[in-house]
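Trainee: Take a look at the following structure, please.
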Amino acid sequence: MDMGKVSDVKNSKCQDCADKSCATEKLGASELDLITNNRYISEIKRNTNILNAGSPVSHIIYLRSGLVKEYLIKSDSKEQILQIVMPHSYLGLTSMFGDNINHFSYSALTDLKVCYIDIDVFTQLVKKNGNFAFEILTSVGRENLNNFRRFIAQSNKRIYGRIADMLIYFSKVVFSSSRFQIPLSRREIADMVGTSRESAGRVLSKFNAEGLVRISGKKVVINDLKKLEKISKFG
């Protein structure tokens, strides 16, 4: 686990944090103090590995800012990108409620600011504060269900539908905008949709040529969302 650059947290308290999660909002002052005394803030540079699959769960990582890639290494040594984790999310929750072994790997797609929270303290809060636990379990359930639906849909689509899905995912879910910069390389885009780098590039070029999107490097503008949604549905 790369802890990154540890920030000065002497005067930083969870009560005063502007980046609280929905779950943390359910905690009282003494519970927030408990987290403050058992966590540290780190600044992590882009392309840094944060967690590796197979490592023991010692901390829950709260993503305050930035984007993270959650992925698996398949039997052919290729990556399978599961999702893009967005700010105000926790890394490692699924493994915490499983067998305390990380089953996914995480890498920083952008510069990050994170909080490492001692897992024993986090578990204590889950057990003692029902509202906090409910928000955490709701988050885990929603995330797993969304990923399950996306992978089932992807497995039944051809490459055009999968690339359309990927563009819609970044537009609607990750950035909430028709204009965005994809934080992935072409190799990672291919890994995300389960195809070759060349095939992903050809489809993106075709969408660009047909005017569905405008692509310049990693910058994307969605010009025809309805057409992309139609390709996603029937692709």
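The rows are residues; the columns are (1) loosely packed, with under 15 Cβ neighbours inside 10 Å; (2) in the same structural domain as HIS103 (by TED's automatic domain parsing); (3) among the hydrophobic types (A, V, I, L, M, F, W, C).
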{"site": "PHE132", "(1), (2), (3)": "no, yes, yes"}
{"site": "THR138", "(1), (2), (3)": "yes, yes, no"}
{"site": "ASN147", "(1), (2), (3)": "yes, yes, no"}
{"site": "MET166", "(1), (2), (3)": "no, no, yes"}
{"site": "ARG179", "(1), (2), (3)": "yes, no, no"}
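Trainee: Sticking with this one: Among the residues of the range 92-107, are any of a type outside the set (Ser, Thr, Tyr), within 26 Å of GLU188 (Cβ to Cβ) and part of a helix (DSSP H, G or I)?
Mentor: Taking every residue of the range 92-107 in turn, at least one turns out to be of a type outside the set (Ser, Thr, Tyr), within 26 Å of GLU188 (Cβ to Cβ) and part of a helix (DSSP H, G or I).
Residue-wise test of (1) more than 25 Å from LYS218 (Cα to Cα); (2) out of contact with any Asp or Glu (no Cβ under 6 Å at 6 or more places or on another chain); (3) aromatic (Phe, Trp, Tyr); (4) modelled with pLDDT under 95.
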{"position": "GLU143", "(1), (2), (3), (4)": "yes, yes, no, yes"}
{"position": "ARG149", "(1), (2), (3), (4)": "yes, yes, no, yes"}
{"position": "GLN154", "(1), (2), (3), (4)": "no, yes, no, yes"}
{"position": "LYS157", "(1), (2), (3), (4)": "no, yes, no, yes"}
{"position": "ARG162", "(1), (2), (3), (4)": "no, yes, no, yes"}
{"position": "ASP165", "(1), (2), (3), (4)": "no, yes, no, yes"}
{"position": "SER171", "(1), (2), (3), (4)": "no, yes, no, no"}
{"position": "SER177", "(1), (2), (3), (4)": "no, yes, no, no"}
{"position": "PHE180", "(1), (2), (3), (4)": "no, yes, yes, no"}
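Trainee: Can you tell me which condition ARG179 does not meet? The list is (1) within 17 Å of LEU67 (Cα to Cα); (2) under 16 Å from the mean Cα position of the chain (by Cα), and all the others hold.
Mentor: So the condition that ARG179 fails would be (2).
The values are calculated or read from the model by the stated rules, or taken from the named source; none is laboratory data. Keep in mind that this is a model prediction, so the values were computed, not measured. Reconstructed Cβ throughout: ideal geometry from the backbone, glycine too, with neighbour counts over all protein chains shown.
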